[in-house]
Each structure stands twice: as structure tokens, then as C-alpha cells.
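Everything below concerns the one structure shown next.
The values are calculated or read from the model by the stated rules, or taken from the named source; none is laboratory data. Here the structure is a predicted model, which means the values were calculated and not measured. Neighbour counts run over all protein chains shown; Cβ positions are idealised from the backbone, glycine included.
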Amino acid sequence: MIHSVAIAWDDLLGAFSNMEQDRVYFFDRMTGEIFFVGSDSGDSFWDQLEQQQGRFLEIPHLDSAAERTLLTTFLAGQSNRELCSLLDHALSGRPPYARPADILSFFPDEELQLSELRDTFLSNRVKSWLEENELFSLSTSLNAVH
């Protein structure tokens, strides 16, 4: 018997964009609920989770390597040399330090381009994850471009 649940696309995207190492997001196959727990939760919680035999799926977080790849991809298609130079320096880790988000705040058009690239990246990542875990959504928002 197939069990259908609604999947909240925006919540799922939010969980996939999580970069906080101390939060672990899960998807409940039975209810469609997405929730997080602190990585420092007690052993009894993790034992209970393990006993549910696949009901709860851990949602992979966005690690710094994926974010770096995203920025590198963005830079490769960027024609603004000033921005490229600033972001390249920020990615190098050399002083003076700057966060890419802070730099991009001075370049609103490019900031929007990166945001759209990130949305596409995350949407594709979520769709792949849904397929890998044999999850299907009744929501038409899966077919929407984000």
C-alpha cells in the first residue's frame, strides 16, 4: 500500500540550506513533517530514532564545501571583474577577511544572480534526494521553478 503525504517544499528547501552543524533536520515519512534536533541530543533520542526503521530520514545540510563550489560556479560565469577579485580574495582566506555575503550586499544585481543560482542548486539537490529516497510529492510546487 502506498502512503501519501504532503511535503512542504519551502520547509524542505530551508532544511537543505541549513549550514548549522549543531542542527540535524529530519523528514518523517509517515506525516511529511520536517523537524530539527540539536546534535547534542541525548543517546536515548538517537536510539529511539534508530528503532523507527527508516521512518525518519536525515536531511543533508549544506556544508561549506558545497557553498564554496556554488560560489566558484558563480564566479566562473561572472563578468564583473571587481566583484570577482573581491570574492576570490574572500574565498582565499587571506586577511583582510570578508564574508562573501557582505561583499555581495554592495552588488545587488549579482547578489540576486547568486540567490537564483543557489535556489536552482538546492531545488535540484532536493529533487535528487526525493528520488533517491523514493519520496514523491502530491504538490505541484515540485514542478515549479524556484
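Miscellaneous remarks
- Filtering ARG68, ARG94, ARG99 for residues that are under 24 Å from LEU130 (Cα atoms), among the basic types (Lys, Arg) and either at pLDDT below 90 or not assigned by TED's automatic domain parsing to the domain that holds LEU130 (or both) leaves a single hit, ARG68.
- Leading residue by the ranking (surrounded by the fewest Cβ atoms within 10 Å (Cβ to Cβ)) among those in the range 1-31 that are among the aliphatic types (A, V, I, L, M) and modelled with pLDDT of 90 or more: LEU13
- If the condition is being touching a strand residue (DSSP E or B) at 6+ places or on another chain (Cβ under 8 Å), more than 19 Å from ASN124 (Cα to Cα) and hydrophobic (A, V, I, L, M, F, W, C), then the range 24-61 contributes VAL24, PHE35, PHE36, VAL37, PHE45, LEU49, PHE56.
- Failed criterion for GLN51 (all others in (1) assigned by TED's automatic domain parsing to the domain that holds LEU130; (2) under 20 Å from PHE16 (Cα atoms); (3) not hydrophobic (A, V, I, L, M, F, W, C) hold): (2)
- Residues of the range 101-128 satisfying the condition of being over 15 Å from ARG81 (Cα atoms), touching a Leu at 6+ places or on another chain (Cβ under 8 Å) and surrounded by 15 or more Cβ atoms within 10 Å (Cβ to Cβ): LEU114, LEU117, ARG118, PHE121, LEU122, SER123, VAL126
- Subset of the range 87-139 [hydrophobic (A, V, I, L, M, F, W, C) and touching an Asp or Glu at 6+ places or on another chain (Cβ under 7 Å)]: LEU104
- Hits in the range 52-103 (condition: touching a residue at least 40 places away in the same chain (Cβ under 8 Å), farther than 30 Å from ASP28 by Cα and not hydroxyl-bearing (Ser, Thr, Tyr)): LEU71, PHE74
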